[in-house]
Structure formats: structure tokens, C-alpha cells
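All remarks here apply to the structure that follows.
None of the figures in this text is laboratory data; all of them are computed from the coordinates on show. Computed from a predicted model, the values in this text were never measured in an experiment. In this analysis, Cβ positions are derived from the backbone assuming ideal geometry, glycine residues included, and neighbour counts consider all displayed protein chains.
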Amino acid sequence: MHLHPDMAAALDTLDPAVRDCGPVLEMLARQGRSALGLRTPLAAPDSQTDEGVDVRTVTLDSREDGSSLRVRRYRPEGAAVQPALVYFHGGGFVFGAPEDEDLRCIFYAREAACTVLSVDYRLAPEHPYPTGLEDCILAWQSITRQAAALGIDSARMALGGASAGGGLAAATAIALRDLGLPPPLLQLLIYPVLDDRLDTPSMHSSGDTPVWNRKTARQSWAMYLGQAGKGAVPDTAAPARASNLSGLPPAYLATAEHDPLRDEGLNFGLRLLQHGIPVELHSYAGTLHGFDVLATGSKLAQGALQEQARALVDALH
């Protein structure tokens with residue numbers, strides 16, 4: 001496996017639990033989140049200012065169970081009314097919180113001159129499909145309803161996410177179409193998780209790939225799907241299964257060469273094109289899953305993030 005020099009340097013310094021998260025996933029499946037001492041959400045300041053971007057936690061509409069839906073808002077200095085990106089963090093559907101991707105979201109807000117709202121959706125295995133997706137849909141609907149109060153233009157909004165968050169963004173776009181709701185102007189899909197069947201060439205060749213591989217993908221999908229995985233898996237659980245991709249928003253799609261998710265991303269982009277959806281596709285040579293955050297500050301990562309921000313500018317301004 002040939003890695004880009006920036007990727008190789010980042011891999012050498014990775015925490016072993018990030019390099020191979022399989023053991024943690026196994027413990028999570030067997031014992032639950034509390035046994036691991038995982039915090040959800042992660043402890044972080046409710047508000048701060050970073051590089052001209054105001055970062056704060058806000059709450060949206062209540063869920064059906066009465067709990068509040070929390071989002072992390074990143075708002076750059078500038079116009080009183082701004083375009084917006086509704087973002088879903090990664091973590092294999094089972095880990096993570098908006099705070100984990102502060103650096104990415106601050107970068108998007110600053111470079112794309114837009115408000116970013118990162119959703120604290122509920123996680124599996126405690127909350128299997130469709131709970132996390134329902135949170136994502138509710139967030140989109142709440143943000144569009146509260147656009148004026150949030151200082152955003154509801155006619156200039158995008159959806160996006162990385163890894164599992166990319167899969168949730170694609171699923172949310174399908175759900176919004178099926179509900180007859182106004183679509184986002186862009187779906188920003190960064191090495192997205194799309195296909196529970198684990199049957200692509202890149203998935204089969206990734207038995208021991210660092211960061212993410214076929215085993216960890218199988219563990220993650222089993223916890224996310226829960227009972228939904230025992231029958232016909234819905235399109236909004238695994239967007240690669242959707243037979244009809246027409247009427248979806250334009251897509252920006254990034255994949256990594258040595259990522260088991262590579263081919264499901266490439267296949268999804270091709271199928272969007274075949275259904276008449278504009279797609280901008282980037283495949284990064286010599287990279288692993290999560291390369292643009294794992295190789296933080298490198299020329300490789302900065303270049304990828306700049307391309308993502310440029311796609312947001314093109315769609316929203």
C-alpha cells in the first residue's frame with residue numbers, strides 16, 4: 001500500500017485506538033457506551049471565538065420524546081444573513097459529537113463565508129436506525145423554520161457530512177425529496193458510508209487497512225441497522241441501495257484511495273450522474289479514510305479542505 005508522504009507521516013503518529021478502532025467497537029457492541037466511559041456529547045465550551053468564527057451551542061425544536069436537539073453553530077464575521085451548511089459529523093454511526101469536527105467546521109465557515117450548523121444526532125447502538133436519521137431530518141426542518149432567528153438564508157442551504165455523516169447527508173437528501181420538501185443546493189459527501197452490503201472491490205481488499213476496514217465497517221453497520229438489518233434494508237438506511245436517485249441535489253463527492261468506502265462512493269457518484277444529477281468527484285491518491293482530518297495542517301489535508309470549501313462557495317454564493 002503506497003501512501004502519500006503526508007498520509008504516511010500522520011499514520012506514524014496516530015493513537016492506536018484510532019489506527020484500529022475494532023476492539024473499541026467490539027466492547028461497545030457487547031457492553032454499551034457507559035462501560036467504555038465515552039462522553040456524549042464531548043465536554044467543550046458552550047461558546048468561543050476562533051479565527052473570526054463565533055462557535056456556540058444552540059438548541060432547536062424538541063424531539064418526539066421531549067428532549068432538545070442540540071447543534072454546534074459556527075458563524076463567521078460578516079453579513080447579517082448568511083448561507084448555511086447543515087453538517088453531520090463522522091464516527092461510524094456510533095461515536096462522535098459535533099465538537100470532534102470543530103476544526104473542519106470552523107474552516108468551512110471561514111473559507112466559505114457561511115454559517116455551519118453541526119447536528120448532535122443520537123448514536124447507535126443505543127439508538128439504531130432510523131433514530132439518527134430522524135434527528136438529521138428534524139434538524140434540517142427546524143433550521144429552515146428558524147432561519148430568520150439564526151441569521152441564515154433558507155434559500156441558500158447545503159447538506160454535508162464526513163464518513164457516517166456523509167451517509168446521513170445522502171440519506172437526508174433522499175428523505176427530503178421523498179417528503180416533497182425543498183432540496184439543499186448541494187450535498188457535500190466526504191468519503192461517505194453508503195452501502196451495508198460490503199461487497200465492493202475496495203471493501204474486499206481492506207481486511208486490515210488502518211483506520212477503517214471491512215471488519216470495522218461490518219461492526220458499525222450491525223449496530224446502526226439493528227432490527228432494520230434483519231429484513232429489507234431501507235434506502236434511507238443505506239443510500240447505495242436506492243434505485244431512484246433522480247431529483248436529488250448536486251453532489252460534491254470525495255473518496256480516498258486506500259479506504260474500504262472508496263468504491264461505494266465512486267459508484268454512488270456514477271449513479272447520480274446516470275440519473276442526471278451534477279456531480280463533482282475527487283479521488284485522492286495515497287490516502288486513508290479520514291485523511292483530511294488525520295493529516296491536519298499538511299498540504300494534502302489543506303488542499304482537500306480548500307476544495308470542499310470552494311464547492312460550498314460555488315453552490316451557496
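Structure values in brief
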item	result
Residue-averaged 222 nm ellipticity for the chain, from DSSP H runs of 4+ at -39500 (n - 2.57), nearest 500	-11000 deg cm²/dmol
Net charge of Cβ neighbours under 15 Å - reference residue 157; Lys, Arg +1; Asp, Glu -1	+3
Kyte-Doolittle mean at least -1.0, axial Cα span of 20 Å or more - DSSP H helices of the chain	131-145, 164-179, 299-316
Choice from 263, 65, 208 showing the highest fluctuation, given a GNM over the chain with Cα pairs closer than 10 Å	65
Lys, Arg +1 and Asp, Glu -1 on Cβ, resulting dipole of the chain about Cα centre, debye, nearest 20	480
Inter-centroid distance (Cα atoms) of segment 145-208 relative to segment 301-317, Å	16
Beta bridges by DSSP in the chain, antiparallel share as percent, to the nearest 5	40
Zero-based 10 Å bins, Cα pair distances in segment 176-255, whole percents	15, 42, 33, 9, 0
Förster radius 35 Å - calculated FRET efficiency between residue 141 and residue 232 (Cβ-Cβ, nearest 0.05)	0.85
Among 232, 155, 84: highest mean-square fluctuation, GNM of the chain, C-alpha pairs under 10 Å	232
Relative contact order (%) - criterion: Cα under 8 Å, at least six apart; region: segment 242-317	31
Overall dimensions of the chain by Cα: Rg and Dmax, Å	18.0, 50
Cα-projected label distance for residue 179 with residue 273, points at 7 Å along beta-carbon direction, nm	3.1
Highest-MSF residue in the chain out of 251, 80, 124 [GNM, Cα springs under 10 Å]	80
